[in-house]
Structures are given as structure tokens and as C-alpha cells.
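To start, the structure itself, in C-alpha cells.
The values are calculated or read from the model by the stated rules, or taken from the named source; none is laboratory data. Please read all numbers here as calculations on a predicted model, not as lab measurements. We work out accessible area using only protein heavy atoms, side chains counted, and drop any ligands, DNA or RNA first. Shrake-Rupley method; radii C 1.70, N 1.55, O 1.52, S 1.80 Å.
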Amino acid sequence: KQLRPKKPVGAVCRVVIAWSARYGHLVLGVDIQRDPLLACSPCTLPMIVPQMMFRHLMLLQLATAGLPRDYPSVPMNGTRGFVAMPLYGLGTWLYNSTVAEQAATMALGMGYRHIDTAFVYENQDGVGRALKNSGLHRKEYFVTSKIPGGLNASATMATADQCLEQLGLSYVDLMLIHFPATFDGKGDKAARLTEWKALEKWAKSGKARAIGVSHYCARHIKDIQEVATLPIAVNQVQYHVGMGSAGAMATDDKAFMESQGILYQGFSSLCGPCNPPDNRELINGSLVTEIGKAHGKTGAQVALKWLVQQRIPVIPKSKNPKHLMENMDLFDFQLTSSEMARLMAATTPATAGGPNANDSGDCSVAIDEAAVEVHV
């Protein structure tokens, strides 16, 4: 039975219908606090759904569009609403084009649907070949790329276009500004504002579903928030077991990012670039190995699970088929609250690449300062 409103349709209903239509869904939402039952005339949908159900279904639709239904993902703020960010993918840092193509081909064949690359990696053509030969439709996979920081407006748009050309794509799912300054540390607030505004203009032309940053701290974010007209979707930073109790200078202000609705994504999730013996601690260290035995999992799987169980996306790198399979096999077990707490309290391996274990070095980069070593 179609229910009629007891009073005229209000602004709330009209806003919901218009918002839904932006994403190609004609959906009826109900504001229970204002009207227990609302039917929107000109909308003739024959049912009314409770507000909470509406919100849940809408978020689910937007967060999973384009990915397989069972692919673990988390919603992030895109240029036109929510976009599904895969919880796991393949990183390609330090792979040349040939190796990147081989690794991406294997990963996509196994079921990976997210490949992370960057302009400075100089391997996007290899990634593009793997995508082209995968047999997948464009909407079935997710691509992240990055442009260097410190670019002027024209260079920002030209470099972003070059990324698309190298990948052989008409758009990327996520484009990041790789660093809050040039990689040698030169830049300032004005340069960040210029680059962000240019990236927004580029994205609004339909060339990116979401845009974000990498290696940014709170003060860098606050700079671009002054001019942003699109959401800052993601901040991709170093984060792994051993950093759970680290301070803001080590985690690039993790708590601030989360307070701003910016999805916090981790790279170097297994501390691969860390100095020995830290670079093996999350592979065969005593803590992750002990917890792994209780679940029939490897130490690396435990370290990655600690992140994805917090809804932090990961992009571990591997060209080994066994490791690729293990790195995606994270969703058939749950770490207990006690195990999560032990991993959160771990202090090794510590933050790598900065001046000390309590500082990633990113937060000191901004105004013509010398950059520390950067692990991308």
C-alpha cells in the first residue's frame, strides 16, 4: 500500500531525493524525527524505509560500487560522494616496469583489485599493461597514483595527465599528492594551495574519483583545507605494528586525520624499508609469530590483519605468488581484543626514515626545509 503524508512534503525529503540522484539511485529516505511517514510526491516509490535502513543501504551501495560484492573495502569521501577504498591491494614501489607488470598480472589473476603506483616509481606503463591484459572491465578494479609535491598549477595537471597516459586509463580512482613539498623539501603553504587547487580542477573534469595526499601532517592538511572544495579523501603514510602507541610526530597526526574524516592508509605495513633486524620483525618476530600460530596464520598476516581490522587499507608489495596469496588471505579470522591490544602496545619496529624513532620526519617538512629520507 502506498502511504500518503499527513502534511506536505518538506525540504528534508527533497534534499534526500536530489542527493540520491547524484549517484544514479532513486531512493526514498525518511526523517523519522520530523515525519514518521513520508512519501515524496513527485516520487511514486511504493515503499517507505526507516531512516537507519536507508542510510545503511545507501552507504553500502556507494561503498561497494565497481568492486566485487565480497571484496573488503571501506568508504572514503570522493569527488561525488562515497567511493569504495579496497582494504588490501598491491604496492609497486621500487619495481621497474617489467617487474611491476609481472606482479600486477599475478595479483589481478589471484583476485586483487587494487594496484598502487606513482609517477616517480617510473613503472606505470607496466602497471597499465597488466591492467589492459587482465580481462577486467575498468570499473572492476581500483587504481591509485600519485604526483610529486611542489608542482605549480600547469605542472600539476600535466603530470596527472601523464599518469593517465602511462597507465592507459581515462581516469584513476584515487590521485594523491605524494609529499607536502618537493622531495628535496622545498615548498611552502602557497605552493600547497596552488597544487591542491589545480588537482581539484583536474579531478572535477572526471579524471579522478577521489583525491588525497601522502606524508601530510595536520598543519599541511589545515593549509589546503582553507581552499578545498573537494574532500581530502586519504592520507597515505607509514604505519605498522610497532607504531600503535607512537605519538603524532611518528604517525603524521593519525588522530587528527580521523577526526577530519580523512581515511588513514598505511604503507610499509610490514616495515620492509626498515633497517635490519626491524625489517624482519613483522615477518618472523616472536610477537606476530606467536599470535599467528593461534590462528594458523603467518606473522606477516597477523601484522596486516592488525591494520585491516582497524579499517586501515594496506598495500603490501610482493612478486612472490605465495606471499601475494597470503597478503590477501586476511579476512577469514579475527584477532581477539587481547591480541589487538598486545600488537597496539608494541614499540618495535619503530617509525623508520625520520630523525628518530618518534618522528617520521614528515611533519617538519614545509617551508624550504631539507627533507629527511622518504620511504614511499
Once the in-chain neighbours fewer than 8 apart are removed, the lysines whose Cα is under 23 Å from K222 read K146, K186, K189, K197, K201, K204, K254
Note, the stretch 79-84: 3J(HN,Hα) by Karplus (6.51, -1.76, 1.60, θ = phi - 60°), whole Hz, Gly/Pro = x, goes 6, 9, x, 6, 10, 7
If amide H atoms are modeled at 1.01 Å from N in the peptide plane, then the residues at a separation of 5 or more from A118, or on another chain, having amide H under 5 Å from its own are N123, K146
Computed over the stretch 254-376, protein heavy atoms only, probe 1.4 angstrom, the accessible area per residue in square angstrom equals 45 Å²
Using the Kirkwood radius over Cα pairs of the stretch 126-279, the Stokes-Einstein translational diffusion coefficient at 20 °C and 1.002 mPa s, in µm²/s and rounded to a whole number, is 131 µm²/s
Counting sequence-distant residues (5 or more places) and residues on other chains, those with an amide H built under 5 Å from that of K317 are G91
